[in-house]
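To start, the structure under review is shown below, and the notes come after it.
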Amino acid sequence: MSSAPVSSVHPTDTTHASTDIACDIFCAVIDNFGDIGVCWRLARQLAGEHGWQVRIFVDDLHAFQKLYPALDTARARQTVDGIAIEHWHEPTHAGETIEVADVVIEAFGCELPPVYVAAMARRERAPVWLNLEYLSGEDWVADFHLRSSPHPRYPLVKTFFFPGLGAGTGGVLKERTLDAARAAFENSPDTRAEWWHNATGAPPPDAGATVVSLFAYENPAVDSLLEQWRDGAGQVVLLVPQGRISGAVARFFGAPSIAVGQHTSLGNLRAHALAFTDQPGYDQLLWASDINFVRGEDSFVRAQWAARPFVWHIYPQADDAHLPKLDAALAHYAATLPAPAAAALSRFWHAWNGAGQPDWADFQQHRAALDTRAAQWAQELSGVGDLAGNLAEFAKSQLK
Ligand code: TRH
């Protein structure tokens, strides 16, 4: 699917840019797309909006290529969109020639190569060393954000940079051009019609239909939800980018798979299989939908900026460590929702994360309140500030 140019998000506003700051980002892909998804977005913002010279070390170019199809997975080194990309062979490799940047970001606690850390210690001026943590809406995050810890052997200090959903945290990533890109998409019937044509081969559905995008891990609740959509009173148009839940959706329709670009229907449910796109294309999918099912970290954030109701399939952790994070996000997101709508949202999110069966009618009866809250929350979250901007400001204060 090609992205309509009017609504793509490219961070190219370099007002107040500082081209003299070099930044290295180290990214180890644990699984899926969130690790590289966040790092790539951050890299593009630091380069495009702040004018930094950015280099990313990433250990999985195949995962990266899914988000950025022009990437050459065979190359050890390449430059795309002005950003240098190194295929990182953990744990010792640190590029052909070790050149330590002014700002060094280790993403999600990945270990920096020991030779690189030793070179950081030898550098005339120690770099600003940041550990970019995973996002959580929990209250403790504000207390730990920007805490630092001295290296046990070297004269180096590492600072913990915590994304978050509330005041006093690092916030979440938001490109300067994002709101304008969304408005352009929403306000142009031609752009939306072109999007539907490119993504699904079909025109936009009738205004009365509910358009749902579905990006999720394997989920035992999906059959129940598909049944409710099939048997429900209103028409549901389901958009499923290729991924871990695609097989279950196809099986519900009695097929082993649904080819990209194909659609299938049962009762009041019509499902379209979509290609996995680049990141700007994924934003457009969120904007084309009324309700978005998202997962992990980055799509969870993008759904919030899309300002529509969403359902979060949180990344499951051992010992249910993810459940307090789910509730913390709900506490922020549902804070000013009327109590019955907040309770329905909480029930639905919990059911989608393993506790009970999702009740679509219960969710839908609060749609007006959920729609209003989604737009309001996007405004509130903007108040925390964009993560790339917050990070750049902190780093610059340390470089003075
Ligand atoms: O893929 P995720 O589940 O990623 C992660 C990882 O599992 C990670 O290890 C874990 O720690 C983290 O979640 C919490 O979900 P996420 O974070 O939403 O990343 C998906 C990325 O893929 C996001 O940048 C959006 C992008 N995307 C596209 O670019 N095109 C698409 O078509 C789709 C569906 C997604």
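The values are calculated or read from the model by the stated rules, or taken from the named source; none is laboratory data. Here the structure is a predicted model, which is why all the values come from computation and not from measurement. Cβ sites come from the backbone with ideal geometry, for glycine too, and all protein chains shown count toward neighbours. For accessibility, only protein heavy atoms count, side chains too; no ligands or nucleic acids. Shrake-Rupley method; radii C 1.70, N 1.55, O 1.52, S 1.80 Å.
Data for the structure
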read-out	value
Rounded percent of accessible protein surface that carbon and sulfur make up, the chain, 1.4 Å probe	52
Under-5 Å amide H pairs with residue 311, H placed in peptide plane, nonlocal only	292, 293, 294
Of all DSSP beta bridges in region 258-400, antiparallel share, percent nearest 5	50
Using distinct alpha-carbon pairs, which all enter the 1/r mean, Kirkwood radius of region 252-365 in Å	15.8
Euclidean distance of C-alpha centroids, region 335-392 and region 22-65, integer Å	28
Overall Cα dimensions of region 176-294 - principal axes, largest extent first, Å	40, 28, 22
Pair residue 323, residue 382: separation of 7 Å Cα→Cβ label points (nm)	3.7
Given 12 as the ceiling on other Cβ atoms within 10 Å, longest exposed-site-free region of the chain for GluC sites (Glu not before Pro) in DSSP loops	219-400
Under 5 Å, built H, 5+ apart or other chain: amide partners of residue 25	55, 56, 57, 105
Beta bridges by DSSP in the chain, antiparallel share as percent, to the nearest 5	20
Eligible lysines near residue 400 by straight Cα distance, threshold 28 Å, same-chain separation 8 or greater	158, 174
Computed over region 119-260, Cα set: Rg, Dmax in Å	23.2, 69
Cα-based equivalent ellipsoid of region 17-163: semi-axis lengths in Å, sorted from largest, via gyration tensor	23, 19, 15
Heavy-atom accessible area per residue - the chain, 1.4 Å, Å²	41
q = 0.30 Å⁻¹, region 191-242: log10 I(q)/I(0) [Debye, one scatterer per Cα]	-1.21
Residue-wise HN-Hα coupling along region 98-106, computed from phi with Karplus coefficients 6.51, -1.76, 1.60 (Hz; x: Gly, Pro)	7, 10, 8, 7, 5, 10, 10, 10, 9
Principal axis dimensions, region 87-128 - Cα atoms, whole angstrom, descending	27, 23, 14
³J(HN,Hα) computed for each position of region 358-363 - Karplus, 6.51 cos²θ - 1.76 cosθ + 1.60, integer Hz, glycine/proline x	x, 10, 5, 5, 4, 5
Check: the chain dipole with +1 on Lys, Arg Cβ and -1 on Asp, Glu Cβ, in debye	180
q = 0.10, 0.11, 0.13 Å⁻¹, the chain: log10 I(q)/I(0) [Debye, one scatterer per Cα]	-0.68, -0.82, -1.12
Region 275-400, relative contact order [Cα under 8 Å, separation at least 6], %	23
Loop-located trypsin sites (Lys or Arg not before Pro) in region 254-363, at most 14 other Cβ atoms within 10 Å (DSSP)	none
Integer Hz, Karplus 6.51/-1.76/1.60 couplings in order for region 368-381, x for Gly and Pro	4, 5, 5, 4, 4, 5, 4, 5, 5, 5, 4, 5, 4, 5
Trypsin sites (Lys or Arg not before Pro) restricted to DSSP loop in region 79-138 with at most 11 other C-beta within 10 Å	125
Mean residue ellipticity (222 nm) of the chain, computed from DSSP H runs ≥ 4 via -39,500 (n - 2.57), nearest 500	-11000 deg cm²/dmol
Rounded to 10°, Cα long-axis angle of helix 178-187 versus longest principal axis of the chain	20
Nonlocal amide H pairs with residue 274, under 5 Å, H built at 1.01 Å	240, 242, 261
Accessible-area ranking of 237, 384, largest first, probe 1.4 Å	384, 237
